[in-house]
1. Taking N as the number of residues in segment 1-144, what is its alpha-carbon radius of gyration divided by 2.2 N^0.38 Å?
2. Treat every Asp and Glu Cβ in the chain as -1 and every Lys and Arg Cβ as +1, leave all other atoms uncharged, and give the resulting dipole magnitude about the Cα centre to the nearest 20 debye.
3. For every helix of n ≥ 4 consecutive DSSP H residues, a contribution of -39,500 (n - 2.57) applies; sum these over the chain, divide by its total residues, and give [θ] at 222 nm rounded to the nearest 500 deg cm²/dmol.
4. Cα-based Rg (one decimal) and Dmax (whole number) for segment 61-108, in Å?
5. Picking from ALA23, LEU111, ILE143, whose Cα lies most toward the positive end of the charge dipole for the chain (charges on Cβ: Lys, Arg +1; Asp, Glu -1)?
6. How much accessible surface does TYR224 have with a 1.4 Å probe, in Å² rounded to 10?
7. With respect to the cross-link table entries LYS100/LYS201; LYS88/LYS110; LYS88/LYS162; LYS96/LYS222; LYS135/LYS222; LYS135/LYS201, which display a Cα-Cα separation exceeding 29 Å?
8. Using only the C-alpha atoms of segment 113-204, find the volume of their convex hull and express it per residue in Å³.
Amino acid sequence: MKDLIYIIGHKNPDTDSICSAIAYSELKNKMTNTTAVPLRLGEINRETEFILNYFKVNKPGFIKTVKVQVSDLNIDKIAPVSPAISLKMAWSIMKKNNTKTLPVIDGNDKLIGIVSSSDIANIFIDVWNSDVLSKSNTSLENILDTLSAKCIYSPSGELNMKGKVVVAAMQPESSKDIFEEGDIVISGDRRDTQDMILESKASLMIITGSHGVDDDVLDKAKEYGCSIITTPYDSFTAARLILQSIPVSY
């Protein structure tokens with residue numbers, strides 16, 4: 001398919017402007033692999049009209065302006081996203097579609113904002129509070145997806161988080177002053193640590209290394225209403241990735 005090129009003179013065309021546009025278009029059509037079309041930005045004068053009529057040449061088509069319009073822009077046509085999706089999901093969509101922004105819409109398909117790659121980058125660069133998951137109302141579904149995790153137990157499928165994210169890297173006795181009700185605790189397979197997490201009434205216990213839990217630990221989780229998930233990642237990676245579960249709305 002040939003490229004389409006418009007040849008235009010100045011805004012108030014005289015004979016030179018009109019004839020040059022016609023002649024140059026003809027030259028481009030014969031010497032290049034393009035389709036050149038002469039146009040004008042204003043009305044022709046009587047002299048130019050006489051010359052065109054004498055040589056039986058049609059006057060160029062008229063356009064009002066050559067200013068760039070929104071319709072001229074090469075706009076990324078990306079499907080909008082829900083404000084509830086995770087930062088990880090938003091980032092994956094951007095990478096897949098090679099774009100730096102995503103439109104965010106509500107349940108009525110109304111635009112409520114734009115999330116950009118720089119927004120996501122700022123989240124990771126800035127110092128963040130350990131209670132950011134509870135502040136952002138992060139869903140269990142987002143955490144499961146971000147950590148490639150499997151849910152072992154959840155009282156209602158929803159999280160009632162009101163605490164902070166903690167990595168259980170210390171002895172259980174040392175954890176008493178750190179674990180608080182509603183916390184999200186990343187733990188390994190140490191049974192005594194798991195018991196301490198449940199007794200502190202954590203809202204979510206994340207078991208790393210794809211480890212499971214004993215039946216009596218599961219019974220205890222049901223007693224305290226603590227959700228349990230297991231992720232294949234190690235504690236460091238899980239702690240680093242869990243921030244990406246925050247919804248873009250935050």
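1. Working: Rg = 26.9 Å, N = 144, 2.2 N^0.38 = 14.5 Å.
Compactness ratio reported: 1.85.
2. Dipole magnitude for the chain comes out near 1760 debye.
3. -9500 deg cm²/dmol
4. 16.1, 52
5. ALA23
6. Counting only protein heavy atoms, the figure is 80 Å².
7. Over 29 Å Cα-Cα: LYS100/LYS201; LYS96/LYS222.
8. 125 Å³
The values are calculated or read from the model by the stated rules, or taken from the named source; none is laboratory data. Being a predicted model, the structure only gives us computed values, none of them experimental. Reconstructed Cβ throughout: ideal geometry from the backbone, glycine too, with neighbour counts over all protein chains shown. For accessibility, only protein heavy atoms count, side chains too; no ligands or nucleic acids. Shrake-Rupley method; radii C 1.70, N 1.55, O 1.52, S 1.80 Å.
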